[in-house]
Amino acid sequence: MQHAWLAEFEESLTHARGSSPHTVKAYLGDVGAFVRYLEGAGRDLATADHGTIRGWLGTLAVDHAPRSRARALASVRALYRHLVSTARVPSNPARTVRSPKLPTKLPRVLPVDEVFAVLAVPGKEGPLGLRDRALFELLYGSGLRVSEACGLDVDDLELRARTVRVLGKGRKERLCPMNPGCVDALRRWIERRGELLATPARGQDPAALFLNHRGGRLTARSVARHLDRTVLQLALQRKVSPHALRHSFATHLLAGGADVRCIQELLGHASLSTTQRYTQVSIEQLQAVYDRTHPHA
């Protein structure tokens, strides 16, 4: 019974909710661990209660960080929401279980001059260098998630209109603007990307916008590795992740006076509160605004 319910839950995540393969894999891993815990305790999904779920989370506290435990609880909550909606169980016992307190750690924002140095991708020639330049320009210039950038096809670009069609979380589409420098970098990359498809190889994806050296679709892990090499070459005294470019995009817009709701739309956040946590303004910037606008400053 339980395994049939999990199969139905996977089907719901994949098709009804349109979750990404990464999300589906993470949720199924969490609920699978929960089911194994229940079996060891002589319980099942139909008989589990608030205390059972708390006990399971307690076992995770030994070797799981708060963020991992919070995701595990979110997975079980989602499972029970599905079971309630399909009349498998009468109520959701995970609904009132308190989530672990999470640290409010955010990626560091790069200063503008360091972002520009990264975008220059110094000392790299050929199609791979042009690809990295276009990729970094898009991550910072349009605030894309790295998974969104890797999922782009060439047909998603409208270079004349300076827009890109992005498929975000929950398979929600949005149009993102691109700046002229990003468009120029993309044009130059597209002119050379065919060179990576010239030699037939297994796994090639001619539709993908960003290709690896064999012509396959570039992965998020590869993007992080290419960015690490660029940062090392520049001798920047900080760790720079692809997500840090997205975070810098939002924070620099906010510092420049952009409305937080506009930033929410650009980032593809469903909730404004997510954007408000995501974007941060330094105390120096807040002090400058205060000095400029307060009557007694």
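The values are calculated or read from the model by the stated rules, or taken from the named source; none is laboratory data. Quick caveat, the model's predicted, so the values are computed rather than measured. All Cβ positions, even for glycine, are placed from backbone atoms using ideal geometry, and neighbour counts span all protein chains on display.
Each row is one residue, and each column tells you yes or no for (1) buried (at least 18 other Cβ atoms within 10 Å of the Cβ); (2) in contact with a Leu (Cβ under 9 Å, 6 or more places away or on another chain).
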position: Asp132; (1), (2): yes, yes
position: Leu138; (1), (2): yes, yes
position: Gly143; (1), (2): yes, yes
position: Val146; (1), (2): yes, yes
position: Asp153; (1), (2): no, yes
position: Arg162; (1), (2): no, no
position: Arg171; (1), (2): no, no
position: Pro180; (1), (2): no, no
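Flag: Val223 matches the condition of being at pLDDT 90 or above, outside the structural domain of Ser12 (by TED's automatic domain parsing) and of a type in the set (Val, Ile, Thr).
Set side by side, the residues Ala134, Ala72 differ, and just one is in contact with a Cys (Cβ under 8 Å, 6 or more places away or on another chain), part of a helix (DSSP H, G or I) and modelled with pLDDT of 90 or more, which is Ala134. All of (1) assigned to a helix (DSSP H, G or I); (2) touching a Lys or Arg at 6+ places or on another chain (Cβ under 8 Å) hold for Gln264 with one exception: (2).
Conditions (1) in contact with a Lys or Arg (Cβ under 6 Å, 6 or more places away or on another chain); (2) in the same structural domain as Cys150 (by TED's automatic domain parsing); (3) of a type in the set (S, T, N, Q); (4) surrounded by fewer than 19 Cβ atoms within 10 Å (Cβ to Cβ), marked per residue:
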position	(1), (2), (3), (4)
Thr23	no, no, yes, yes
Ala33	no, no, no, yes
Tyr37	no, no, no, yes
Leu45	no, no, no, no
Ile53	no, no, no, no
Val62	no, no, no, yes
Ser68	no, no, yes, yes
Ala78	no, no, no, no
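Among all residues of region 185-198, there is none that is surrounded by 13 or more Cβ atoms within 10 Å (Cβ to Cβ), assigned to a helix (DSSP H, G or I), without any contact (Cβ under 8 Å) to a residue 12 or more places away in the chain and small (Gly, Ala, Ser). Looking across region 39-59 at every residue that is among the small types (Gly, Ala, Ser) and in a helix (DSSP H, G or I), the one that is nearest to the chain's Cα centre (by Cα) is identified as Gly58.
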